[in-house]
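Shown next, in structure tokens, is the structure this report addresses.
The values are calculated or read from the model by the stated rules, or taken from the named source; none is laboratory data. Quick caveat, the model's predicted, so the values are computed rather than measured. Every residue, glycine among them, receives a Cβ derived from its backbone with ideal geometry; neighbour counts consider all protein chains shown. Only protein heavy atoms, including side chains, enter the accessible area calculation; ligands, DNA and RNA are left aside. Shrake-Rupley method; radii C 1.70, N 1.55, O 1.52, S 1.80 Å.
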Amino acid sequence: MAKSPTFDRYDTVVIGAGMSGLAAGIRLAQAGGRVAVLERHSLWGGLNSFYKKSGRRWDVGLHALTNFVPKGQRGHPLSKVLRQLRVPYDALQLGEQKGSRTVFPDAQLRFSNDFELLRSQVHEAFPAQASGFDALAAAVAATPIGTGDDQASARAYIAAFVDDALLIDLLLHPLLWYGSPTPMDMDHAGFVVLWKSVYEEGFARPAGGMRPLLDVLRARLADEGGELRTNCGVAAIVHGSHGVTGVQLEDGSELETQRVLSSAGWVETMALSGTSSAAIEDEAGRISFVECCAKLDTKPSDLGHDDTIVFYNLTPTTIYDAPANGHLELRSGVLCCPDNYANQLPDPEGTARITVLASPRHWNGFDDAAYATAKQEAFDGAFQAVQSFAPNFLPHVTVRDAFTPRTITHFTGKRNGAVYGAPKKRPDGATPIDGLHLIGTDQGLLGIVGAMMSGIQVANHHVLAPTTS
Ligand SMILES: Cc1cc2nc3c(=O)[nH]c(=O)nc-3n(C[C@H](O)[C@H](O)[C@H](O)COP(=O)(O)OP(=O)(O)OC[C@H]3O[C@@H](n4cnc5c(N)ncnc54)[C@H](O)[C@@H]3O)c2cc1C
């Protein structure tokens, strides 16, 4: 039976109903605290939300639920998250990927949810690097999450095991695309997390996309007595000499609380608390994307395309940075075909999505007409670019949409539309203000499972542990 407390004073206020905020809210409500999850928009899910357009439901960010493990496997991030949130594994209705690959002009590597495929691909294409690759894989497998070095370069770390520059790029490329806030590289701590979640564990997709998963989380929050308040933006975090005292909402009202967990981002949270500075603003990330989404009159597999995800680079060396001179970088990207997961709901249409790098500065400067033209250009350019390794989807496109750095800022408040936040992460979630903690992207764990893990970890560490010990 759902409990339903509605008070103006809360034990904890969570800013943002993305994956980290929902998970933190559930965890805190389970422990009996009065918790409100406040979301500026009408829908919950943040970067992993959904929307309706042209009579169809579209996912915002979902390419893959990373960290896939089969039912019954314990001790992995996905199983830990589900256990802590008391969500049954079957509620996610996961379908596994068919298989993915990384494609460069002179080489490619296939991988799947079986790590041995990647190993055999490396051994076959780069025989001289086989033992180095095995040593790298063993070293990462032996590094627990949370013990990586956040000051060390992942690129340099891989190079200590394998010395073929192309292989280093091939291995790093998907991990950069699925979670690096840093141009061309990432830190070792993030690399360990992403290697495990992409290569050791792998990809799955909930049948029906994000909506069913978000419904499960929303229902869990309500069942535990937590409150989700949508259309409820936080204008300011109020604090005094003893720390947080409340939040001021965008409608002018105030909620009292001595604890705020914020998923708004480090730079954005400091601005809400009135303690930002030019130096803090400078910390904002700048890796942002245009996501080009298409409905097709056929399934990609009917056109001979069976890959679930292709991470591609059309030049000999990795490109992963905001384009310096233009608004788009079409030579590097990710092609995702959600139909190429097992166990998806019947749908007569096909879907293809392409993510490309974009310069927030340029997109934010466009007037409406230039913006509309640039979106069109991104869509056409991205779908033309993938034709060197995938079918020409363009004649099959029935409905199209694209979202940009500007959309990401509008719907999440993230400066620069920086999908993976600021390069410097704050694993302890700490801020200079007592009672104010960071969760989500800028705490350091990303993606659907990572962000939920982040919300749970910070709730456990800063809120539940001190009161239960
Ligand atoms: C194109 C794209 C593709 C992606 N693909 C994948 C994928 O395939 N798999 C995967 O695992 N991850 C993917 N991601 C990344 C993933 O979506 C994020 O890492 C994750 O959702 C971040 O969750 P979060 O809770 O940290 O932050 P967010 O999702 O950003 O949530 C923050 C929430 O806080 C709200 N908020 C901010 N400020 C305020 C305020 N002042 N008041 C009230 N509310 C506020 C925002 O509206 C937002 O809802 C993708 C992202 C994008 C953009």
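Pairs of Cα atoms under 8 Å, at least six residues apart: use those to get the relative contact order of segment 130-281, whole percent.
About 15 percent, as a whole number.
Subtracting the Cα-Cα distance of Ala465 and Ser131 from their residue separation scaled by 0.36 nm leaves 115.9 nm. Placing +1 on the Cβ of every Lys and Arg and -1 on the Cβ of every Asp and Glu, with nothing else charged, gives the chain a dipole about its Cα centre of roughly 980 debye. What separates the Cα centres of segment 11-80 and segment 125-188 is a distance of 29 Å. Solvent-accessible area assigned to carbon and sulfur over the chain amounts to 51 percent, based on a 1.4 Å probe. About the centre of its Cα atoms, segment 105-201 shows a dipole size close to 80 debye [charges on the beta carbon of Lys, Arg (+1) and Asp, Glu (-1) only; nearest 20 debye]. Note on Arg57 and Thr147: their simple-model spin labels are 4.2 nm apart, each label 7 Å out from Cα toward Cβ. Computed from Cα atoms, the angle from the helix 130-141 axis to the main principal axis of the chain rounds to 10 degrees.
Assuming a ≥ b ≥ c are the square roots of the Cα gyration tensor eigenvalues, decide whether segment 1-78 counts as rounded (a/c under 1.5), prolate (otherwise, with a/b larger than b/c) or oblate.
Details: a/c = 2.43, a/b = 1.20, b/c = 2.02.
Oblate, because a/c is 1.5 or more while a/b does not exceed b/c.
A cut-off of 5 Å between modelled amide H atoms, ignoring neighbours fewer than 5 places along the same chain, links Val399 with Lys295. Across segment 2-117, the mean sequence separation of Cα contacts (distance under 8 Å, 6 or more residues apart), normalised by length, yields a relative contact order of 15 percent.
Tally the DSSP beta bridges in the chain and give the antiparallel ones as a percent, rounded to 5.
Working: 51 of 69 bridges.
Given both bridge residues lie in the chain, the antiparallel proportion sits at roughly 75 percent.
Relative to the longest principal axis of the Cα atoms of the chain, helix 210-223 runs at roughly 20 degrees.
Give me the net charge for the shell around Asn364: Cβ to Cβ below 12 angstrom, other residues only, Lys and Arg +1, Asp and Glu -1. Result for the local shell: +3. Placing unit charges on the Cβ atoms of the charged side chains and taking the dipole of the chain about its Cα centre, the candidate lying farthest along the positive direction among Phe115, Ala36, Trp58 is Ala36.
The residues of the chain expose on average 39 square angstrom of accessible surface per residue, using a 1.4 Å probe on protein heavy atoms. Computed from Cα positions, the angle between helix 368-385 and the longest principal axis of the chain comes to roughly 40 degrees. The value of relative contact order for segment 105-201, using C-alpha pairs under 8 Å at least six residues apart, is 35 percent. Under a model in which nothing but the beta-carbon of Lys, Arg (+1) and Asp, Glu (-1) is charged, segment 286-412 shows a dipole of about 360 debye around its Cα centre.
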